[in-house]
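Visitor: This is the structure, below, for whatever I ask next.
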Amino acid sequence: MAEEEKKECEYSSTTKKKFEFLEDLPGIGPATAQKLKELGYHTVESLAMATARELEPVGISEKKAFAIIEAARSSIGISFIRADELLKMRQNVLRLTSGSKALDRILDGGLETQTITEFYGEYGSGKSQICHQLCVNVQLPPERGGLNGAALYVDTENTFRTERIVQMSRHLGLDPTEVVKNIIYAEAYTSDHQIFLLENADQVIKENNVKLIIVDSLTAHFRSEYIGREMLASRQQRLNKHMHKLIGLARAFNAVAVVTNQVMAKPDVFFGDAVHPIGGHIVGHTSHTRLYLRRAAHGPVRIARLVSSPYLPEGEEIFKITENGIEDVSEEEKTKSRGR
Ligand code: GTP
Ligand code: MG
């Protein structure tokens, strides 16, 4: 069968047009495709998540923008849907294990795809260690809590350590040389660079079957670059756009998105937690699941509290960081620490 005919058949049998490349979409010629790529849209999936306004800067008219975004959406099957179909979409949500059963338990089975999970806490609370562990776990098969996928690690503080990945992989019986090949690493030097990296990540994600996107730390650059009250509004606006992009990628590729965030002391709080995560409400509203990590009094034990989630109750669990990575605290250890 000729290529054209085959395409025709596919369309008529499903009535839904499936396009692999931007250039295949109706209304997109080479010049428009080039413009879209300049904006960071290299794939049909990421274009489907764009808004018409986002295509304005390269001179794509609103009318045309609507048409091509709609074509991209129908290509990947997003349009108005009934609630039962929404339920079906939710059923596509996959879960990634953190490495600790206790931590997975407060997350109702692990970190979800299609949304953002934020870990916030003080220095040394284990945020980056969890990110490392997730990069290994995502490569596991589903029966072991993984997603059979690769990881993308955007590192803003130069904390990523391959040696740590090797240790964690060995413990899980994985070949470290294979595991490190499936982690795509990018160091972001400034907040602009960090934004640029995500805006251009869609193709890398698609080509490498990335199922985990990490930004560690989400806020460090923003915090050091946008100083003072008068810069707060523009910082929040940039952060918001960045998070929006991240959600778009997580949805388009059914991937887990993870961001980390440090905390600031709240000088005016006398009761409860005297800290709050950087980035304030915008980060709070867009990250769907937030976990607060803190150190136990001593040793490798960490306390994780689920602070907000769209549907899960608040909960607290403990885990530990060891040579092997993120692990559960044994009953024996729990009893011992209670006795201290
Ligand atoms: P900031 O990025 O500075 O805000 O901190 P973080 O929350 O990212 O902390 P991180 O995840 O880097 O945790 C560091 C802690 O993990 C260390 O203080 C150690 O307690 C523990 N840790 C890191 N590497 C190892 C290791 O190889 N073996 C063991 N046993 N513990 C480790
Ligand atoms: Mg860190």
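Visitor: Ranking ILE278, ILE28 by Cβ neighbours within 10 Å, fewest first, what do you get?
Guide: ILE278, ILE28
Visitor: For every helix of n ≥ 4 consecutive DSSP H residues, a contribution of -39,500 (n - 2.57) applies; sum these over the chain, divide by its total residues, and give [θ] at 222 nm rounded to the nearest 500 deg cm²/dmol.
Guide: -12000 deg cm²/dmol
Visitor: Based only on Cα atoms, what mean projected area does the convex hull of the stretch 90-338 have, in nm²?
Guide: Taking a quarter of the hull surface, the average projection is 13.7 nm².
Visitor: In what sequence do TYR292, TYR189, TYR226 fall when counting other Cβ within 10 Å, fewest first?
Guide: If I rank by nearby Cβ atoms, fewest first, I get TYR189, TYR226, TYR292.
Visitor: Exposure proxy check: MET168, MET89 ranked by fewest other beta carbons within 10 Å?
Guide: Listed from fewest to most nearby Cβ atoms, that is MET89, MET168.
Visitor: Let me ask something additional. Can you list the aspartates and glutamates whose alpha carbon sits under 13 Å from that of LYS18, skipping same-chain ones fewer than 8 residues off?
Guide: GLU8, GLU10, GLU45, GLU70
Visitor: Also, I was wondering about something else. In the stretch 108-157, what chymotrypsin sites (Phe, Trp or Tyr not before Pro) fall in a loop by DSSP, with at most 12 other Cβ atoms inside 10 Å?
Guide: Within the stretch 108-157, the qualifying chymotrypsin sites (Phe, Trp or Tyr not before Pro) (loop, at most 12 other Cβ atoms within 10 Å) are TYR123.
Visitor: Next up: In this model, which of LYS101/LYS336; LYS245/LYS320; LYS35/LYS181; LYS37/LYS245; LYS127/LYS336 are farther than 24 Å apart at the alpha-carbon?
Guide: Check vs 24 Å cut-off fails for LYS245/LYS320; LYS35/LYS181; LYS127/LYS336.
Visitor: Now for a different question. Relative contact order, percent, of the stretch 90-338 when contacts are C-alpha pairs under 8 Å separated by at least 6 residues?
Guide: Reported as a whole number, the value is 27 percent.
Visitor: Once R0 is set to 41 Å, what does the formula 1/(1 + (r/R0)^6) return for the Cβ-Cβ distance between ASN209 and GLU122, expressed as a FRET efficiency to the nearest 0.05?
Guide: 0.75
Visitor: Give me the dipole magnitude in Debye, nearest 20, for the chain about the Cα centre, with unit charges on the beta carbon: positive for Lys and Arg, negative for Asp and Glu.
Guide: Charge dipole, the chain, about its Cα centre: 760 debye, nearest 20.
Visitor: Placing unit charges on C-beta atoms (Lys and Arg positive, Asp and Glu negative, everything else neutral), compute the dipole magnitude of the stretch 188-255 about its Cα centre in debye, rounded to 20.
Guide: Approximately 240 debye in magnitude.
Since every read-out is calculated from the coordinates, none of them should be taken as a lab result. Predicted, not measured: the structure shown is a model, and the values here were computed from it. Using ideal geometry, Cβ is built from the backbone for each residue, glycine included, and neighbour counts are taken over all protein chains shown.
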